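The values are calculated or read from the model by the stated rules, or taken from the named source; none is laboratory data. Computed from a prediction, not measured in an experiment: that's the story for all the values here. Cβ: placed from backbone, ideal geometry, glycine included. Neighbour counts: every protein chain shown. Ligands, DNA and RNA are stripped out before the accessible areas are found, and what is left, the full protein with its side chains, is counted by its heavy atoms. Shrake-Rupley method; radii C 1.70, N 1.55, O 1.52, S 1.80 Å.
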Amino acid sequence: MTVADERLARTGLTRRLLIRPELGAVVGAFVVFAFFAGQSATFRSVDGLANWLDPAATLGIMAVAIALLMIGGEFDLSAGVLTGTTGLIMVILATRYGLSVWTAMLAALAAALLIGFLNGLIVVRTRLPSFIVTLATFLMLQGVNLGVTKALTGTVQVGGLRRAEGYEEARALLAGTVPLGGTDFRVAIAWWVAVTALATWVLTRTRPGNWIFAVGGDEQAARAVGVPAERTKIALFMTTAVAAWLVGSIMALRFTSVQANSGIGQEFVYIIAAVIGGCLLTGGYGSAIGASVGAMIFGMADKGIVFAGWDADWFTFFLGAMLLLATLANRFVRRYAEEVKR
Amino acid sequence: MTVADERLARTGLTRRLLIRPELGAVVGAFVVFAFFAGQSATFRSVDGLANWLDPAATLGIMAVAIALLMIGGEFDLSAGVLTGTTGLIMVILATRYGLSVWTAMLAALAAALLIGFLNGLIVVRTRLPSFIVTLATFLMLQGVNLGVTKALTGTVQVGGLRRAEGYEEARALLAGTVPLGGTDFRVAIAWWVAVTALATWVLTRTRPGNWIFAVGGDEQAARAVGVPAERTKIALFMTTAVAAWLVGSIMALRFTSVQANSGIGQEFVYIIAAVIGGCLLTGGYGSAIGASVGAMIFGMADKGIVFAGWDADWFTFFLGAMLLLATLANRFVRRYAEEVKR
Amino acid sequence: SSGRGGDQGATVPAGAANAAAPAAEGTFAVITHASAGDAFWDVVKNGAEAAGKRYGVTVTYQGDGDPARQSQLIDQAVSQKVDGIVVSMANPDALKEAVGKAVAARIPVITINSGGDFSREFGAITHVGQSEDVAGRGAGEKLKAEGVTKLLCVIHEAGNVGLDQRCNGATKGLGGTVERLQVDVGNLADATSKIKARLQSDPSLNGVLTLNPAVAVAARDAIADAGSAAKLGTFDLSADVVAAIRDGEVLFAVDQQQYLQGWLPITFLVLYKENLNTVGGGLPVNTGPGFVTKDNAEQVAKLAENGTR
Amino acid sequence: MTGPEEIRPDAVPGTGGPGTAVPLLEVRRAGKTFGGVIALRDVSTRVRAGEVTCVLGDNGAGKSTLIKILSGVYVPDSGEYLVDGAPAAFGSPRDALDRGIATVYQDLAMIPLMSVWRNFFLGSELSRGWGPLRRFDVVRARRVVREELRSMGIDIRDVDQPVGTLSGGERQSVAIARAVYFGARVLILDEPTSALGVKQAGVVLRYIAQARDRGLGVVFITHNPQHAYPIGDRFLVLNRGTSLGEYGKGDITRDELTSLMAGGAELEQLAHELGRPDPAG
Amino acid sequence: MTGPEEIRPDAVPGTGGPGTAVPLLEVRRAGKTFGGVIALRDVSTRVRAGEVTCVLGDNGAGKSTLIKILSGVYVPDSGEYLVDGAPAAFGSPRDALDRGIATVYQDLAMIPLMSVWRNFFLGSELSRGWGPLRRFDVVRARRVVREELRSMGIDIRDVDQPVGTLSGGERQSVAIARAVYFGARVLILDEPTSALGVKQAGVVLRYIAQARDRGLGVVFITHNPQHAYPIGDRFLVLNRGTSLGEYGKGDITRDELTSLMAGGAELEQLAHELGRPDPAG
Ligand SMILES: Nc1ncnc2c1ncn2[C@@H]1O[C@H](COP(=O)(O)OP(=O)(O)OP(=O)(O)O)[C@@H](O)[C@H]1O
Ligand SMILES: Nc1ncnc2c1ncn2[C@@H]1O[C@H](COP(=O)(O)OP(=O)(O)OP(=O)(O)O)[C@@H](O)[C@H]1O
Ligand SMILES: [Mg+2]
Ligand SMILES: [Mg+2]
């Protein structure tokens, strides 16, 4: 603003910051962190940090992609199982057909892009809700994963990636560790940060970012002003598929074997992380940083309960309570920021 | 219409019928039925019918309740696990504390109503998305179910309802069978029909039904014309809880024992059935009959694959494919009905 | 037309090496309390299917952890008038009605794995294998012998009866403290970090028991990452687990020889059908527990890769 | 529609002609802020039975915000709101409706996915039957809606059509017909005629006159001085969230009002200006 | 309310004046049906460079439907649509925009959750940088929006405000400012002035005149004859989905137009009628 407008109440910097969706989530994250840091010394140690950041990283990568998709007004329930599919393709090609790890990864990427493209194409062409379309993909991929794995190996997993060509380099890049402050941190954390930064840039500073908000906010209106809505949505599904491929590769390289049921059930964790981070389920609103912080909140609560040593039978009870508290903290902060007058 | 308007194209009765959301789903149901009837003689026999209608009934009861809630613009992820909770309460009270089955059922109903009320209250008061609130309830109930069951029995299941007072009568009412055409049909099927009829009546012919569509369609606008939006939403959550209680009781009486993890994962099956039946995930649109038919489609596909004897490893693949086909059939029929001009 | 599909049965299996037994006719349904893709039950499935091939009969395998859905599967098999049903009874109470219906329809039933105590009462002709409880006890005793006093039992599916019984058995066998941990088998990075978190925050834990081979690999990494000296035992085999046993990273894997829990009941049912033979005389036929340790890992390795161990 | 023209203002409790009684609605120095945005500051006005109060002002002046305070959608952040002389704290529009205040909102009009007749009766459903059999009288509701709309000159083909597929003016008409039908003591209309054709706008103005004559208090917002002046008794002018004053009809001429409404007189001059520029120029 | 008698329909093909060239847009006997609803039937019109075509008609007459055909939102079910004399089959509004046709829709205006500046540039984002670093020029976009709106007399406090929280008129103004800013050859405005104050409406009319003078073809829908007549060159009158004829400015007087627009002349008489009934009854 160049000149002050008499119709604007003065607002402090803090309140202007707190009003942003992602910063509300950050407050939730602080609450959860402070809580568990008080419960367990290991949790707040560098060692503990490296530990709970590790699963938060893979979750975060997916949550960011899913957040973009949700801002664009769609769901992808097949994203979790797709991490398994890409991992399986990669391991099978590298171990059974003697491809190098890199070539196998490229092939898996191609498959992921195809699946994402098909998801998107079916959604925009048939106008069926993406919830149903990707649910079907989810179920079908789940069957393919198990059926093909069984047919090829006779068991429910494939392994032996360690012996494949290029394994060491690929692992160092995607699934290795970096010593820092006396502990080993997973490189996946760096990928997570990079993905979040990239997604934030795309969302807030590029044309496709503007289109994503628009198709999620009101697809008809967006189309009417010339936004290529179909292309945007298909691209979003493909982005999610690429993220699934990245996570699938990270996991496969790390464990050198992939189970046929890997990734099942994760799809909702991604959505949960995005929603905790402030994405609307109805589309058109949210942020990549928020989704990342949501993944962190989920990761902290999930591991914090273990660090605190609470009874495992009650694990999900505590998890639910923590999620509710974190989102409530987030909400109250934002409400304070929006409503208190000075 | 009293007089014909020259601006109305003539539309046949068939097309006017097909345009209704539930009749689109009915076509999907026919497609799936015809498909499996061709695959398996047992499937189309009376015996087979009784077989696949049985799981469709309990699913249908829940799908109808969830459909009402979704039309009202909210989700309930805790509905599945609540069927387990109510069953557990009932069995524990009847077997460990010597209450009669009827009293135990009443107590479970009270608990369900309370949980539904709390879900609703938190949603309308905090304005958090119900997806998050009921996710927290889901996790917390899951923990409570496991924790309490373990604490009381040392295992993850409670049983022995057979010996409780009033068991036979309650079972006959809720979980018995009725011989018909040479086979035993479950009475749950009658409950399902009754629930669907009641929900349809409420939705289309009563004031609260009008309010449900309104709060789901545009809550602000509904509030502005005087719809008691908060009361409507809380009532919807309580309705879902009652349905969960009904299903929980049916299951507990039938199997006389309940596992602590029972119902987990079902919450999405309910939503899926409602969406197959034409409910919008964004609220404001759908029908109870549609949700019922959606449950039937799901039940037929689920059991039909087993009847057809396809490999269990590929089960989910076929399930996904069937769902996609059923919804596509539904969609094409409706599009034909809407667009073809005569 | 209903020319294909299970209800017609009796399609001649391709390449059946049925030299030993005369080709029999029949359809047999195996219905377990585990969903498709479970590592343990997959071996059972392989055993049952191999037996079916050998005898030239049709074997269908279905499974579901929800007792309600499991009982519906039994009902379906009864509707299809199969020639025999093999069922694992993790929750006997819930299956009583469905099994009774099968027996009433004069379909022979054999119970496997769990529910042996009720097998006779429900009218099954015999029981094969023993309960998870016994297997768990064996694992607990073995860990106790290795000096484990405080054990972490990793449950990868909360509320699953079979897993719970394994942990309960281990508690009895160990005699010491057993703590539980819930992880998600669909996300191994998460499982690793949870096991590690538990070991980091409670250094007195000196043993870990996993109930699934994939989780065993995760636990192995977690123990190494946390710098813990905890001993690791697991249920069930995979190529990775066998390799880890060879390398001394995993002490043992409990081996119920569950292949037999698939193979034997089909054999018994075929014999019953053709010859009215019954086996065991009302006593269960035990298939284990056996243990795969460093000593026999080498031999088992190849078999585990083929999915028969 | 009801009310024929020759009816005298209703004898509302303790009145002697329009204006002397306790006002139906009164706001004193009301203010409303949204986050950092001050939408309304220190605005006072009153609505009397049998009178039409026009609220005028530029875009964004705060008219709709004031209307939403009157109808219970917003609670004012500062100032007082009196109904029948007693302080009112409406928790929701339902409370206002229960006190006989019916409103046509500029932006909160209708539920797009619901049919015309369901929207019309939304919140005030016609019922029949008793106890648990009490139900929405669907047949009568459909008939009433068709009749009410026809009497406004809107000939809806099919009252089952979802409101979202109506034309802009048809939608507006449904909202007005609803408010008029349910308006008991106060009728609040936020730019009701903006999307209407000349004929329909005329019908709405006649409705307003009829309602006034039946003794209702009417609050009417419009940008069209030709609509406002003939029918208004009092004129409240807002500018950038504050009041520029309230005028009785006697205190202001039509031309003054028009010029107060920001350059209304310019219109004539504009007509010339809009002609084609001299090709030679 | 049908056609006034004394008016001759325009001698359509090949007239002189600013209309000699091939029309920018032309529809011939276009029709559009929604399910069982016939919204438009056999309507023909043309838009020429440097001319303003006004579309008039009652509520629900089909004006917005015609506009959506012109701007590529709907494909006509029957009839032809020519752009620059060649048949056009727009698959989406994007295609129309690419041919230089900018539109202000009556109901598809804005994305409520998005900020003003993002809405303004939606679909035509200002870019800077090259290749993968090509990005939305956020700083310049904000500045342009603030300037454009100020020049319309709309003083938005904060261009980061979500459009959903703007007043009705402010929202309308953003849509108009956008269309004017991006309008290349044809500008289509569906009731642009309906929610606007007198001052803002005047500004919009001036914009239209400017666009016309720059040689753009303009399609202008309004219910206000005082807005339509001074600026229109041709008048297309719709009624219940069909055309009542198209008139050149020379063929029709202001009063004829007003009366064609359904009883506009009644307004004056209405003013009397709206007065209070004689208390003596
Ligand atoms: N929920 C809200 N949040 C933030 N600002 C708001 C909100 N509602 C209204 N405003 C702002 O308050 C001011 C007054 O809005 P209001 O809708 O009352 O104007 P109005 O006088 O009705 O204008 P119009 O004639 O254009 O309808 C506007 O500038 C608008 O941007
Ligand atoms: N998607 C749709 N489905 C069904 N009917 C529709 C649809 N869109 C428009 N109509 C109908 O077509 C007719 C013409 O609508 P249109 O919006 O073109 O009218 P209009 O001339 O713009 O009216 P107004 O002046 O009120 O804006 C209306 O009666 C409307 O109900
Ligand atoms: Mg307004
Ligand atoms: Mg229109």
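At-a-glance table
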{"read-out": "Number of positions in the range E:90-101 that are more than 9 Å from chain A (Cβ to nearest Cβ) and farther than 18 Å from E:ARG46 by Cβ", "value": "1"}
{"read-out": "In the range E:118-156, residue nearest to ligand 1 (Cβ to nearest atom) [restricted to those that are in contact with a helix residue (DSSP H, G or I) (Cβ under 6 Å, 6 or more places away or on another chain) and open to solvent by 20 Å² or more (accessible area, probe 1.4 Å)]", "value": "E:GLY153"}
{"read-out": "Counted residues, the range A:53-78 - those being within 14 Å of chain C (Cβ to nearest Cβ) and small (Gly, Ala, Ser)", "value": "5"}
{"read-out": "Residue, modelled with the lowest pLDDT, within the range A:312-340, restricted to residues that are more than 23 Å from the chain's Cα centre (by Cα) and crowded, with 19+ Cβ neighbours inside 10 Å", "value": "A:ALA337"}
{"read-out": "Residue list for the range D:197-228, filter: away from ligand 3 (no atom under 16 Å from the Cβ) and either in contact with a Cys (Cβ under 7 Å, 6 or more places away or on another chain) or within 18 Å of E:HIS227 (Cβ to Cβ) (or both)", "value": "D:GLY197, D:VAL198, D:LYS199, D:GLN200, D:ALA201, D:GLY202, D:PRO225, D:GLN226"}
{"read-out": "Residues (open to solvent by 10 Å² or more (accessible area, probe 1.4 Å), away from chain D (no Cβ under 14 Å) and either in contact with an Asp or Glu (Cβ under 8 Å, 6 or more places away or on another chain) or within 16 Å of ligand 1 (Cβ to nearest atom) (or both)) located in the range E:27-43", "value": "E:ARG28, E:ARG29"}
{"read-out": "Matching option when the condition is more than 24 Å from B:GLY263 (Cα to Cα), open to solvent by less than 10 Å² (accessible area, probe 1.4 Å), touching a residue at least 60 places away in the same chain (Cβ under 8 Å) and touching a Lys or Arg at 6+ places or on another chain (Cβ under 9 Å), among B:VAL215, B:VAL158, B:VAL227", "value": "B:VAL215"}
{"read-out": "Pairs, first over 12 Å from C:ARG120 (Cα atoms) in the range C:278-291, second buried (at least 16 other Cβ atoms within 10 Å of the Cβ) and among the hydroxyl-bearing types (Ser, Thr, Tyr), C-beta under 6 Å, six or more apart", "value": "C:VAL279/C:THR126"}
{"read-out": "Neighbours by Cβ (under 6 Å, 6+ apart or cross-chain): first from the range D:137-151, closer than 15 Å to D:LEU126 by Cα and within 11 Å of chain B (Cβ to nearest Cβ); second open to solvent by less than 20 Å² (accessible area, probe 1.4 Å) and of a type outside the set (A, V, I, L, M)", "value": "D:ALA141/D:TRP117; D:ALA141/D:PHE121; D:ARG142/D:TRP117"}
{"read-out": "Flag if B:ALA50 is under 23 Å from C:LEU73 (Cα atoms), at the interface with chain C (Cβ under 9 Å from one of its Cβ atoms), surrounded by fewer than 24 Cβ atoms within 10 Å (Cβ to Cβ) and at pLDDT 90 or above", "value": "yes"}
{"read-out": "Test: residue in the range B:250-262 that is over 12 Å from the mean Cα position of the chain (by Cα), in a helix (DSSP H, G or I) and within 18 Å of B:LEU198 (Cβ to Cβ)", "value": "yes"}
{"read-out": "Residue among A:THR103, A:THR86 that alone is over 16 Å from A:ALA295 (Cβ atoms), open to solvent by 20 Å² or more (accessible area, probe 1.4 Å) and either in contact with a strand residue (DSSP E or B) (Cβ under 7 Å, 6 or more places away or on another chain) or β-branched (Val, Ile, Thr) (or both)", "value": "A:THR103"}
{"read-out": "Those residues of the range C:56-93 which are more than 11 Å from chain B (Cβ to nearest Cβ) and open to solvent by 20 Å² or more (accessible area, probe 1.4 Å), in sequence order", "value": "C:ASP83"}
{"read-out": "E:SER64 being in contact with a strand residue (DSSP E or B) (Cβ under 9 Å, 6 or more places away or on another chain), at pLDDT 85 or above, open to solvent by 10 Å² or more (accessible area, probe 1.4 Å) and within 16 Å of ligand 4 (Cβ to nearest atom)", "value": "yes"}
{"read-out": "Within the range E:52-61, tally of residues that are more than 13 Å from the chain's Cα centre (by Cα) and more than 10 Å from ligand 4 (Cβ to nearest atom)", "value": "1"}
{"read-out": "Matching residues in the range E:157-201 - criterion: being more than 7 Å from every other protein chain (Cβ to nearest Cβ), surrounded by fewer than 22 Cβ atoms within 10 Å (Cβ to Cβ) and touching a Gly at 6+ places or on another chain (Cβ under 7 Å)", "value": "E:ALA184, E:ARG185"}
{"read-out": "Count - residues of the range E:20-43 that are in a strand (DSSP E or B), on the phi < 0 side of the Ramachandran plot and away from ligand 2 (no atom under 16 Å from the Cβ)", "value": "3"}
{"read-out": "Residues of the range E:217-233 that turn out to be more than 24 Å from D:HIS223 (Cβ to Cβ) and surrounded by fewer than 24 Cβ atoms within 10 Å (Cβ to Cβ), as a count", "value": "1"}
{"read-out": "Segments classed as helices (runs of 4 or more DSSP H), wholly inside the range A:130-229, with at least 3 members that are polar (S, T, N, Q)", "value": "A:130-153, A:188-205"}
{"read-out": "Sole exception among (1) away from chain D (no Cβ under 12 Å); (2) surrounded by fewer than 23 Cβ atoms within 10 Å (Cβ to Cβ) for B:LEU203, by number", "value": "(1)"}
{"read-out": "Residues within the range B:287-311 that are more than 25 Å from B:GLY84 (Cα to Cα) and open to solvent by less than 10 Å² (accessible area, probe 1.4 Å), tallied", "value": "5"}
{"read-out": "Among (1) surrounded by fewer than 21 Cβ atoms within 10 Å (Cβ to Cβ); (2) within 12 Å of another protein chain (Cβ to nearest Cβ); (3) part of a helix (DSSP H, G or I) - the single one C:GLU141 does not satisfy", "value": "(2)"}
{"read-out": "So C:LYS53, is it open to solvent by 20 Å² or more (accessible area, probe 1.4 Å), under 17 Å from C:TYR259 (Cβ atoms) and in a helix (DSSP H, G or I)", "value": "yes"}
{"read-out": "Residue selected from the range D:69-100 under the condition open to solvent by less than 20 Å² (accessible area, probe 1.4 Å) and within 14 Å of ligand 3 (Cβ to nearest atom), by the criterion farthest from D:GLU246 (Cα to Cα)", "value": "D:SER71"}
{"read-out": "Any chance E:GLN106 is within 16 Å of ligand 4 (Cβ to nearest atom) and either at positive phi or open to solvent by 10 Å² or more (accessible area, probe 1.4 Å) (or both)", "value": "yes"}
{"read-out": "Members of the range E:157-196 that are within 9 Å of ligand 1 (Cβ to nearest atom), hydroxyl-bearing (Ser, Thr, Tyr) and in contact with a helix residue (DSSP H, G or I) (Cβ under 8 Å, 6 or more places away or on another chain)", "value": "E:SER167, E:SER173"}
{"read-out": "Qualifying residue in the range B:277-298 (condition: on the phi < 0 side of the Ramachandran plot and within 14 Å of chain C (Cβ to nearest Cβ))", "value": "yes"}
